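Quick notes on the structure that follows.
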Amino acid sequence: MTNLYPQLAIDLKKLEENVSLITEKCHKQGISVMGVTKVFCAQEEAARAFVEGGVDYLADSRVENLIDMAHLSPEKVLLRLPMPSEAQVIVQHVDISLNSELKTIKALDQAAKLLDKTHRIILMVDLGDLREGIWPSDFDATIREILTLDKILLEGIGVNLTCYGGVVPKTDNLSQLTALNQHLKDTFGVTVKMVSGGNSSFLYLLDQGGVPEGINNLRLGEALVLGRETAYGDQIPGTHADVFQLKAEIIELKQKPSVPIGEIGMDAFGNKPTFVDKGIRLKGILAVGRQDVHPDNLIPLDENLTIIGSSSDHMIVDFTDSKTDYHVGDIITFNVEYGALLSLSTSPYIKKVTY
Ligand SMILES: *Cc1c(COP(=O)(O)O)cnc(C)c1O
């Protein structure tokens, strides 16, 4: 018998509902959807719910996760720029990769020659968010080189916004992408299959009718898993925010002072903590810690619980204001934000349980 907690509980029905609602909305506007599985480490049943919900591609930043999903039928897309050293693995296991470096694209071409395959790429253009992508002024020179490579097929062009720089997609920055697409046709006689307009921060444009002509693909993670559009952080009507929940067990529950007794030196992470004296409080310890998740990105379902801190393996919660009578061994449930979901998914100590 393996232990069940701490647990990341996954509601597959709600996940599939999120995916089908958003995917249908995209399809109605002629936009295909890459379902991004990285935030839940491509957990098998959740990835299947993406497929059942109607995504057109499965996309992840790690080739390992794409290999794990090989048995699922949609084509696999590598989101993070490839490492040149993994070119062969990528050509072998990935249908389409996002790229911005000619050196890497040439390595993919060489690997594809060896494996006698064609590898498809999406050329990323940086429109100001300052994460990945070629600078628009390098576009022509890059395209010219790509077109000389026998085993590389230019599947599309794309942009990524609201990741590093927090830049919001708008008609003006996106129309630069569609202008480059037009330029490809006019100058190079090349018609690409895909113009990939971005991630979950793009979705608000669907409702406002502001999708620039020609954008026909999105790569969606957070919107599908948490039902959140990420330009302004709004919940998408009709979606579930509680597909993924953390469940952790109470291992101690006692009345204790709110201020430590003795000289205050440093905490487990080298910071000098400060405390407000609220008198004696009912404080509990949950068996989950920073090795699994940062406590800032968790929302207790019982609104009267307050997370007051956590160390590597312990989370301390103030239970005083709750109307529920808790006991050692009870399970506390939290909704999770993106950062919490990411680290809970990668922690080997967290049991992933689907419902
Ligand atoms: C993670 C990622 C996405 C998905 O972003 P969300 O905000 O979760 O929708 C899209 N594109 C790229 C390149 C990514 O790395």
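The values are calculated or read from the model by the stated rules, or taken from the named source; none is laboratory data. Since this is a predicted model, take the numbers as computed values, not measurements. Cβ: placed from backbone, ideal geometry, glycine included. Neighbour counts: every protein chain shown. Surface areas here come from the heavy atoms of the whole protein model, side chains and all, with no ligands, DNA or RNA. Shrake-Rupley method; radii C 1.70, N 1.55, O 1.52, S 1.80 Å.
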- Query: For the chain, with the dipole built from +1 on Lys and Arg beta-carbon atoms and -1 on Asp and Glu ones, taken about the Cα centre, which of I332, L301, V33 lies farthest toward the positive end?
  - Reply: V33
- Considering only protein heavy atoms, what per residue accessible area in square angstrom results for the chain with a 1.4 angstrom probe? 47
- If one builds a Gaussian network model of the chain from Cα atoms under 10 Å apart, the most fluctuating residue listed among P273, P300, P237 is P273
- Hz values of 3J(HN,Hα) by residue in segment 277-292 - Karplus curve (6.51, -1.76, 1.60), Gly and Pro given as x: 7, 10, x, 7, 10, 7, 10, x, 10, 9, 7, 7, x, 5, 4, 9
- Arranged from highest to lowest average of other beta-carbon atoms within 10 Å per residue, in what order do the peptides 93-99, 65-71 appear? 93-99, 65-71
- With charges only on Cβ, +1 for K and R and -1 for D and E, what is the dipole size of segment 42-143 about its Cα centre, in debye, rounded to 20? 300
- Message: I'd like to compare 161-170, 53-62, 122-131: which one has the highest average count of other Cβ atoms within 10 Å, and what's the full order after that?
- Response: 53-62, 122-131, 161-170
- Query: Most mobile of G197, G270, G233 per a Gaussian network model of the chain (Cα springs, under 10 Å)?
  - Reply: G270
- Query: Which residues' amide hydrogens lie under 5 Å from the amide hydrogen of L161, considering only partners 5 or more residues apart or on another chain, with H built in the peptide plane?
  - Reply: N199
- What residues qualify as long-range amide H neighbours of A59, i.e. H under 5 Å apart, gap of 5 or more or another chain, H built at 1.01 Å from N? G35, V36, T37, V77
- Query: Along the charge dipole of the chain, which of T178, A49, I134 sits closest to the positive end, that is, farthest toward it, with unit charges on the beta carbon of Lys, Arg, Asp and Glu (+1, +1, -1, -1)?
  - Reply: I134
- Message: If you filter segment 210-241 for GluC sites (Glu not before Pro), then keep DSSP loop positions with at most 16 other Cβ within 10 Å, what is left?
- Response: E213
- Using label points projected 7 Å from each Cα along Cα→Cβ, tell me how many nm separate H183 and R80, to one decimal. 3.0
- Task: Please find, in a Gaussian network model of the chain (springs between Cα atoms separated by less than 10 Å), the residue of L286, L115, L154 whose mean-square fluctuation is greatest.
- Result: L115
- Where a ≥ b ≥ c are the square roots of the eigenvalues of the C-alpha gyration tensor, would you call segment 1-67 rounded, which needs a/c under 1.5, or, failing that, prolate if a/b is larger than b/c, or oblate? oblate
